[in-house]
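Engineer: The structure under discussion is supplied below as structure tokens; questions concerning it will follow.
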Amino acid sequence: MTVWEPPIREYDFLFNEVFNAIESIEGLGFEDFDADYLAMLTEGWGMHAKEVWLPINELGDKVGLKFEDGNISMPQEFKDAYRKGIDEGWLATACKPEHGGMGVPTFFSSVTWSEFGTSACMALSVLPALSIGVYEVLTSNGRQDLVDYFAPSLASGELAGTMCLTEPHAGTDLGIITTRAEPEDDGSYRISGTKIFITYGEHDMTDNIVHLVLAKAPGGPEGTRGISLFLVPKYLPAEWESGGVEGISHDLVPEHNGVTCSGSEEKMGLHASPTCVMNFDDSVGWLVGPLHGGMPLMFQMMNRERLATGIMGLGLAEIAYQNALAWSRDRRQGRDLRGIRDPNKPADNILVHPDVRRMLLEAKVNNEGCRALAVWTGILIDQMNSDDPEVAEPAEALVALFTPIIKAHFTDLGCETCSTCMQVMGGAGYCSEFGVEQFYRDVRISKIWEGTNGIQALDLAGRKITQNMGKNLRHLMWPLTEFIEKNRDIPEMGEFNKPLHQGVRGLQQITLLMIAEGMANPHFLAAGATDYCRYFGNVLLGYMWAKMAKVCLERQGEPFYDAKLASARFFFKRIYPETISLAAKIQSGPKTLMDYPAEMF
Amino acid sequence: MGIAVLLKQVPDTTAKISVSGDRVDETAVSKWSMSPYDEYALEAALQLKEAGGGDIVAITCGPIRATKMLTDAAAVGVDNLILIQDEGVTDSTHVQSLLAAAVKRSGSDVVLCGKQAADTNGGSTGPGVSHLIGAACVGMISEVYAEGDGFIALRASPTGNERVEVSRPCLFTFDKGATELRRPNVRGIMMAKKKQIETVTSDDLGVAIGTSSVSLQSHSPPPVKPPGQKFEGADSVPVVVAKLRDEANVI
């Protein structure tokens, strides 16, 4: 029996006290949005996730999906829960009001929504998350008739969407895909090829599915520059004969559009999230965006999904922590080494043991730091749409910089935290009765999805740092340096500000080293990328903890704020120091990796 | 049909309570919620509206923080919201007078509320209001539906289930109801945000709050629980049995 309470007070603190989220999005088209509305949405979604999604999570793992004759049937409980999400309007938070959505800010729709959804039922949460990704690519790049026809049902959840990139021989290297798109005279295309690892590629949760498929149309250059993006429905509209879909009814042809599923992978976790082999055989599709210009669009969706995946790490780490904590509060083993605490009981509660506290605090403090960074990033994504370049430009730079860090660091921590929480519970943690072993298996994919964490680290070190002559990093260093300077003379801030300052200086030095050495030897950059990404993640979480501590110092004496200050102290004393060893590893360069004889592995 | 539902905001049943100066420290209550029996009344009101139409007015008597509870009620479908500023009223007859005046002013002819509030557990509000508005009172019900011009209410009795027929005007107090309060949906939350809360005072309602006829004479905390006793071995059985019989009076 797993437990979970949506961390509503935490979001209230971050939205209203740390980041002033409502003020941050003034003038960005959210005029109706205020703190009360945000609080009601947070509570309402938390209640829905807890009452509707959480109860099916274990069932999804135990029962899972059924693949038979090319069809995937989902557990009835999943269909019912998904339907309730549609009926109660919770799947449309991110979409625009003109398509029937709520049009709420990203810091709710992509952060709070994703965390609660993945905590309660990660296997279900990925379905609407993918559909919204398709919705965003379609509405910002698609032909008007495609937008009018597909966007409202994608927004509500009546229609599901997928992204089809990977092929059996082409995963990270998409330039070598072989799926073809042949143009027809009516402006549509015929798509043929095989795609693998397609999440929710086939299922019976919705009447129809639309796939965003990467394919190569004739006349394009080699490599990724020759890739185009196509919208391919599982079933075609019944009234469609040729051309577009303007003004036609939503009735469907009973036979599929050459889109078939030939298998679903057996996986370590996420047993109720289909992972499909999809075949497209002369399937009708429509171009989305420019011909041979599909990759930037796919990256638009991918960047959104990378953030969502990072927050999956947080969501699973949070529910694992809550279950480990609930278990710890009841568990009695051994005695406090400094003297018996509870003489009336045969043993003391395990919270008396420093090592149990270490594990629980590592989980809690990393979760809270990640949540803060996620909220800030959500606000920045909204600010990217500002007309004021002084707001939009830094926001864009920071989001570009943070995306690989959130994806990699949050999911690394998510996996570590689920493992640590299992460790807190000993043998019980390994048993399925208590849920944590499921979270551990479910969260593991997040390090692989949407570009492995190794790829994220290379994206950060090899691209995001040097992009536009280092502009991204400058946009981070300005507010960071300003914060450090402002707090330099506040004695109470010293214990947070000083290590932050050291970490930032270290980050600058290591970044210079990576760039300088990397220019001469790209292996230097690649060998240090993963450690660099983790170093960077720690500095960002350090900034978040220093910012939170600053707020809490004003309200000392109240238990919530005192606990936050204690958490900030724990972070700087017992998590942040790993930057020292990470720096040493980065500085050692690629020699020990590359000098090792390949034949001796 | 005018349906009034009387709601009270109380410390959440999971909230930590701290006592300061022999009283519950309200400023330290971490979470305030709608009293659970009132939630059943509200759900029943929503079902009455769905079955037979009419507007629901939610009325509370309390401090300004209670507006949050009213907005939550609007999110599940309440049409009108009234906050009676309590002006420090603690006497239950005063609260009843204020609520009764607000009900009368709303023109509602059926009133629903919880059988008691989760904080004070007095249980006097429903019967008191029904007396003041001249309505029949059916207490401790779990379900109600309209039939003809009146209503049928169901309630458990020691010998089985009672089915009570009552005509308007009437007031029902709810025990644990047949259905939990529904979750707010997104559209409801969006609508609730736009809903105005009418804030009224005793003067607005024409109720003269005099001095209270009730005053708290003294307050003493519950006696400290005696420490537990431990018995080991089969020899202690007669002693344990004697204690259970003579001291604890449980056998």
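Engineer: Any residue that is away from chain A (no Cβ under 14 Å) and within 21 Å of the chain's Cα centre (by Cα) - is there at least one of those in segment B:202-212?
Structural biologist: In the first step, residues of segment B:202-212 are kept if they are away from chain A (no Cβ under 14 Å); the result is B:202-212.
Then keep just the ones that are within 21 Å of the chain's Cα centre (by Cα); that gives B:202.
Yes, there is a match, as at least one residue in segment B:202-212 is away from chain A (no Cβ under 14 Å) and within 21 Å of the chain's Cα centre (by Cα).
Engineer: Something else now. Does residue A:69 qualify as being over 25 Å from the mean Cα position of the chain (by Cα), within 14 Å of chain B (Cβ to nearest Cβ) and either more than 20 Å from residue A:155 (Cα to Cα) or crowded, with 16+ Cβ neighbours inside 10 Å (or both)?
Structural biologist: On the way: over 25 Å from the mean Cα position of the chain (by Cα): yes; within 14 Å of chain B (Cβ to nearest Cβ): no; either more than 20 Å from residue A:155 (Cα to Cα) or crowded, with 16+ Cβ neighbours inside 10 Å (or both): yes.
For residue A:69, the condition - over 25 Å from the mean Cα position of the chain (by Cα), within 14 Å of chain B (Cβ to nearest Cβ) and either more than 20 Å from residue A:155 (Cα to Cα) or crowded, with 16+ Cβ neighbours inside 10 Å (or both) - is not met.
Engineer: Could you run through segment A:506-560 and say how many residues are in contact with a Lys or Arg (Cβ under 8 Å, 6 or more places away or on another chain) and either closer than 14 Å to residue A:370 by Cα or not hydrophobic (A, V, I, L, M, F, W, C) (or both)?
Structural biologist: 3
Engineer: Now for a separate question. Restricting attention to segment A:234-247, does a residue exist that is within 15 Å of residue A:130 (Cβ to Cβ) and at pLDDT 95 or above?
Structural biologist: Yes: segment A:234-247 contains one or more residues that are within 15 Å of residue A:130 (Cβ to Cβ) and at pLDDT 95 or above.
Engineer: Pick from segment B:185-200 the residues that are over 24 Å from the mean Cα position of the chain (by Cα) and more than 8 Å from chain A (Cβ to nearest Cβ): which of them is nearest to residue A:52 (Cα to Cα)?
Structural biologist: It comes out as B:191.
Engineer: Limited to segment B:60-88, what total is found for residues that are over 24 Å from residue B:48 (Cβ atoms), within 12 Å of chain A (Cβ to nearest Cβ) and either β-branched (Val, Ile, Thr) or crowded, with 19+ Cβ neighbours inside 10 Å (or both)?
Structural biologist: Count: 1.
Engineer: Test of understanding: among B:159, B:173, which residue is hydroxyl-bearing (Ser, Thr, Tyr) and at pLDDT 95 or above?
Structural biologist: Numbers: B:159 fails: at pLDDT 95 or above.
Criteria check complete, one pass: B:173.
Engineer: For segment A:83-115, name all the residues that are more than 16 Å from residue A:151 (Cβ to Cβ), within 12 Å of another protein chain (Cβ to nearest Cβ) and β-branched (Val, Ile, Thr).
Structural biologist: Residue satisfying the conditions is A:104 alone.
Engineer: As an exercise: evaluate residue A:562 against (1) without any contact (Cβ under 8 Å) to a residue 40 or more places away in the chain; (2) assigned to a helix (DSSP H, G or I); (3) loosely packed, with under 13 Cβ neighbours inside 10 Å and give the number of the one condition it does not meet.
Structural biologist: (3)
Engineer: Quick one: is residue B:17 touching a residue at least 40 places away in the same chain (Cβ under 8 Å) and either among the β-branched types (Val, Ile, Thr) or loosely packed, with under 11 Cβ neighbours inside 10 Å (or both)?
Structural biologist: Numbers: touching a residue at least 40 places away in the same chain (Cβ under 8 Å): no; either among the β-branched types (Val, Ile, Thr) or loosely packed, with under 11 Cβ neighbours inside 10 Å (or both): yes.
Considered against the rule, which asks whether it is touching a residue at least 40 places away in the same chain (Cβ under 8 Å) and either among the β-branched types (Val, Ile, Thr) or loosely packed, with under 11 Cβ neighbours inside 10 Å (or both), residue B:17 comes out as no.
Engineer: Counting residues that are of a type in the set (Val, Ile, Thr), out of contact with any helix residue (DSSP H, G or I) (no Cβ under 7 Å at 6 or more places or on another chain) and buried (at least 20 other Cβ atoms within 10 Å of the Cβ), which strands (runs of 3 or more DSSP E) fully inside segment A:180-279 reach at least 2?
Structural biologist: Numbers: elements: A:180-183, A:189-199, A:208-216, A:227-233, A:259-264.
The strands (runs of 3 or more DSSP E) meeting that bar are A:189-199, A:208-216.
Engineer: In segment A:140-179, how many are at pLDDT below 95, surrounded by fewer than 17 Cβ atoms within 10 Å (Cβ to Cβ) and part of a helix (DSSP H, G or I)?
Structural biologist: Total meeting the criteria: 3.
Engineer: Restricting attention to segment A:4-34, and to residues there that are within 20 Å of residue B:192 (Cα to Cα) and among the acidic types (Asp, Glu), which single residue is modelled with the highest pLDDT?
Structural biologist: Per the stated criteria, the residue is A:12.
Engineer: State yes or no: is residue A:118 more than 10 Å from chain B (Cβ to nearest Cβ), over 18 Å from residue A:203 (Cα atoms), touching a residue at least 12 places away in the same chain (Cβ under 8 Å) and of a type in the set (Val, Ile, Thr)? If you could, list the steps in order and put the result at the bottom.
Structural biologist: Working: more than 10 Å from chain B (Cβ to nearest Cβ): yes; over 18 Å from residue A:203 (Cα atoms): yes; touching a residue at least 12 places away in the same chain (Cβ under 8 Å): yes; of a type in the set (Val, Ile, Thr): yes.
Yes; evaluated as a whole, the condition is true for this residue.
Yes or no, residue by residue, for (1) hydrophobic (A, V, I, L, M, F, W, C); (2) more than 25 Å from residue A:268 (Cβ to Cβ):
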position: A:60; (1), (2): no, no
position: A:69; (1), (2): no, yes
position: A:74; (1), (2): yes, no
position: A:83; (1), (2): no, yes
position: A:86; (1), (2): yes, yes
position: A:90; (1), (2): yes, yes
position: A:94; (1), (2): yes, yes
position: A:100; (1), (2): no, yes
position: A:107; (1), (2): yes, yes
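Engineer: Among the residues of segment A:35-46, is any among the charged types (D, E, K, R) and either within 14 Å of another protein chain (Cβ to nearest Cβ) or closer than 13 Å to residue B:185 by Cα (or both)?
Structural biologist: Initial filter on segment A:35-46 (among the charged types (D, E, K, R)): A:36, A:43.
Within this subset, residues satisfying the condition of being either within 14 Å of another protein chain (Cβ to nearest Cβ) or closer than 13 Å to residue B:185 by Cα (or both) are A:36, A:43.
Yes: segment A:35-46 contains one or more residues that are among the charged types (D, E, K, R) and either within 14 Å of another protein chain (Cβ to nearest Cβ) or closer than 13 Å to residue B:185 by Cα (or both).
Engineer: I would also like to ask the following. Among the residues of segment B:184-191, is there at least one that is among the charged types (D, E, K, R) and in contact (Cβ under 8 Å) with a residue 24 or more places away in the chain?
Structural biologist: Here is the first cut: in segment B:184-191, the ones among the charged types (D, E, K, R) are B:187.
Keeping just the survivors that are in contact (Cβ under 8 Å) with a residue 24 or more places away in the chain gives none.
Scanning segment B:184-191, I find no residue that is among the charged types (D, E, K, R) and in contact (Cβ under 8 Å) with a residue 24 or more places away in the chain, so the answer is no.
The values are calculated or read from the model by the stated rules, or taken from the named source; none is laboratory data. Remember, predicted model here, so these are calculated numbers, not experimental data. Cβ sites come from the backbone with ideal geometry, for glycine too, and all protein chains shown count toward neighbours.
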